[in-house]
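The values are calculated or read from the model by the stated rules, or taken from the named source; none is laboratory data. Note that the structure is a prediction, hence the values are computed from the model and not measured. Neighbour counts are summed over all protein chains in view; Cβ atoms, including those assigned to glycine, are modelled from backbone coordinates with ideal geometry. For accessibility, only protein heavy atoms count, side chains too; no ligands or nucleic acids. Shrake-Rupley method; radii C 1.70, N 1.55, O 1.52, S 1.80 Å.
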Amino acid sequence: MCGIVGYVGNRQALPIILQGLKSLEYRGYDSAGVVIVPEESGEELNIIRSQGKIAHLENVLEDYSLPGTVGIGHTRWATHGPPSDANAHPHCDCQKKIALAHNGIIENYLELQEWLIEKGHSFTSETDTEVLPHLVEEFYQGDLGQALQEAIKRLRGAYAIVAVCRDNPDILVAARKDSPLIIGIGEGENFFASDIPAVIEHTRQIIIMEDGETAQINREGAIIYKDGQPIAKKITKVDWTTETAKKGGYPHFMLKEIHEQPDALRHALKGRIMAEENGLTLIDHDFAGINAADIEKIAIVACGTSYHAGLVGKYVIEKMLRLPVDVDIASEYRYRDPIIDEKTLVIVISQSGETADTLAALRESKKRGAPTLAICNVLGSSISREADQVVYTLAGPEIAVASTKAYTTQLMLIYLLTLHLGRVFGKISPEELEVLLEHIYRLPDQLQNLLAEKEEDIKKLAALIIDWGNAFFIGRGIDYAVSLEGSLKLKEISYIHAEAYASGELKHGTLALIEEGIPVLAICTQRALLEKSLSNIKEVKARNAFVIAMVFEGSDSIIKEADRVFTIPDTLDILAPVLTIAPLQLLSYYAAVMLGCNVDQPRNLAKSVTVE
């Protein structure tokens, strides 16, 4: 989730671009760069890039004079290649005539790079993006927009591209597929940007580009193309404040990030599950470094929400691979003297990659000779650097303290790791793999539809529980792991005391706390356990609890017994956590809002816990 800003106008471009980049730094923060078209014709494009945040780029720019009224800026969240000056955007062609910035992933970049090298092009970075300016250069015959349209015909993957050429110094051109891009319409000036915050101080007239569209802007206006033909586009007036704009129009970052989960899942899948003519294919290069033949046991270590993702992983891996899995809270791991060795794969999970307890657990595991794999969101973090192997969730920056999209993308990587190991061990047949991939591939769309269609229903449920100081979450099997995460979300942002229990444990003491009207949220998606789950619902109903059940559509026996029912789209039981958690996140969010809590920054909590 990188950030792009492009400007064409009569003012100096550099300060406008830098201000726009600062408003997009939540989208990327490991490197940044600008390209300014020189005022003197025939001069090379001025491209300045640096590793680090925007402030570091500003320091670098103090040594340069970059006058010009046309330019592009980019702030990067690295995917291909680590943060460095060389890997920062914008990238240029061989002659420094064409430069561009790109968000997304070009899946066939290696194939294109090989072809371009044969054509005589040379490369200086480790990024997938660098193939793009060379590809545009290959097709350039005086018309930058036409060259870009020819180039994108060769691409597979996701992209938002903004390009400039010194031979066409008064225009910027752009293309979009699966990565956001907007056009800001001003007076005598126009903008490209990844998100509205970058332009809101200059214009509130916005055109939202759609997939498959290209565009060209100059000082006078914008032209948008579809299939090479100009099309009319609606201009939307945005009435946000600058502060609201940073949240994309959402009142809180948490709500924004809940709604970003479908796209976050798509990013997590790109380049890992690919659609081909004969079906879906698992691309498991991320796990190629695991010596699966030597693995006899798996240990998962994490904290908080990441720990709950690990509990789902235990159910998934043991069920599908019949391989023993221990799951430890990282703060306890070292002190129980864990039994691990070189045949134990230790998986550490951390959104930030800086969680102190998890980092200490990783180091302890390495001391004992265990191979280590990190599932992490922040590239270049301590955990990602020190683990033997790292797999990135690609969720993008998560600003709200309560984790949402990091959790669902962690689940996705656990599923993909399980499929990889299952194929290596021969535990998953090609037929089973095909079915699993098909259902996994549907999850982002199913989640998007669920959020769009059921949010109002969840608001109503939240209103029913806010008058209670306590709530219970129950579930069996993998539903119990999700119950733990659901209860954590409610307590950490609404301050309602919430507890999660394996449904069968109710009779071993917890029933003493059930009183008339108390909310009990029962997750019931495991079909083989529905009869058992129904019995547990009857137990709390007999004590006059208020039961809210979450089920797949068509679970009639549960529907008849619950006071309120929330249905989710049908999928495989083992994949249900990706769909069940989002409604629980929204339930917690709306409960917290109704209670007047600080949703994004709940009391006493921090986003990244860097102390033991």
Here P(r) for the chain, Cα-Cα distances in 20 Å bins, as whole percents, is 19, 49, 27, 4, 0
Starting from the 7 Å offset along Cα-to-Cβ, what nm value, one decimal, do you get for the label separation of GLU515 and ARG385? 5.3 nm
Roll a 1.4 Å probe over the protein chains and send me the accessible area per residue for segment 198-357 in Å². 45 Å²
Using just the Cα positions, wrap segment 72-148 in a convex hull and report its mean projected area in square nanometres, one decimal place. 5.0 nm²
Run the numbers for HIS508 and ASP294: contour at 0.36 nm per residue of separation, minus the present Cα-Cα distance, in nm. 73.0 nm
Tensor-based shape of segment 133-179 (alpha-carbon gyration tensor, a/c under 1.5 rounded, otherwise prolate or oblate): oblate
Of all accessible surface on the chain at a 1.4 Å probe, what whole percent is carbon and sulfur? 47 percent
Per 10 angstrom bin, beginning at 0 and ending with the bin that holds the maximum distance, the Cα pairs of segment 18-77 fall in percents of 24, 53, 20, 3
What list of ³J(HN,Hα) values in whole Hz, one per residue of segment 49-54 in order, does the Karplus curve 6.51 cos²θ - 1.76 cosθ + 1.60 (θ = phi - 60°) give from phi, with Gly and Pro shown as x? 9, 7, 5, x, 7, 4
Calculate how steeply helix 478-494 sits against the longest principal axis of the alpha-carbon atoms of the chain, using the helix alpha-carbon long axis, and give the answer as 0 to 90 degrees to the nearest 10. 70 degrees
By its C-alpha gyration tensor, with a ≥ b ≥ c as the square roots of the eigenvalues, how is segment 53-94 shaped: rounded for a/c under 1.5, else prolate for a/b larger than b/c, else oblate? oblate
How about LYS319: which lysines have a C-alpha closer than 24 Å to its C-alpha, ignoring those fewer than 8 places off in the same chain? LYS297, LYS343, LYS427, LYS532
With label points built 7 Å along Cα→Cβ from the Cα atoms of LYS427 and ARG154, find their separation and express it in nm. 4.3 nm
Accessible area of segment 439-492 divided out per residue, in Å², using a probe of 1.4 angstrom: 39 Å²
Relative to the compact-globule estimate 2.2 N^0.38 Å (N residues), the Cα gyration radius of segment 193-280 stands at a ratio of 1.39
Would you mind getting the accessible area per residue of segment 517-575, heavy atoms of the protein chains only, 1.4 Å probe, in Å²? 42 Å²
For the modelled label position 7 Å from the Cα of ASN470 along Cα-to-Cβ, which residues of segment 489-504 have backbone nitrogen atoms closer than 15 Å? 496-501
Amide H of PHE192: which non-local residues (sequence gap of 5 or more, or other chain) have their own amide H closer than 5 Å, using H built in the peptide plane? GLY6, TYR7, GLY184
Work out, step by step, the length gained on full extension between ARG336 and GLN95: first 0.36 nm times the residue separation, then minus their alpha carbon distance; give nm to one decimal. 80.7 nm
Chain lengthening between HIS56 and ILE208 when straightened (0.36 nm per residue, less Cα-Cα): 51.6 nm
Can you list residues from other chains, or at least 5 along the same chain, whose modelled amide H is less than 5 Å from the amide H of LEU172? ILE217
If R₀ is 45 angstrom, what is the calculated FRET efficiency for the pair LEU280 and ALA86, using the beta carbon separation as r and rounding to 0.05? 0.85
Between the helical axis of 13-23 and the dominant principal axis of the chain, each derived from Cα atoms, what acute angle in degrees is found, rounded to the nearest 10? 0 degrees
For the residue pair LYS541 and ARG11, what label-to-label distance in nm results when each label sits 7 Å from Cα along the Cα-to-beta-carbon direction? 6.3 nm
Any of LYS460/LYS489; LYS119/LYS226; LYS256/LYS454; LYS22/LYS491 with alpha carbons more than 27 Å apart? Name them for me. LYS119/LYS226; LYS22/LYS491
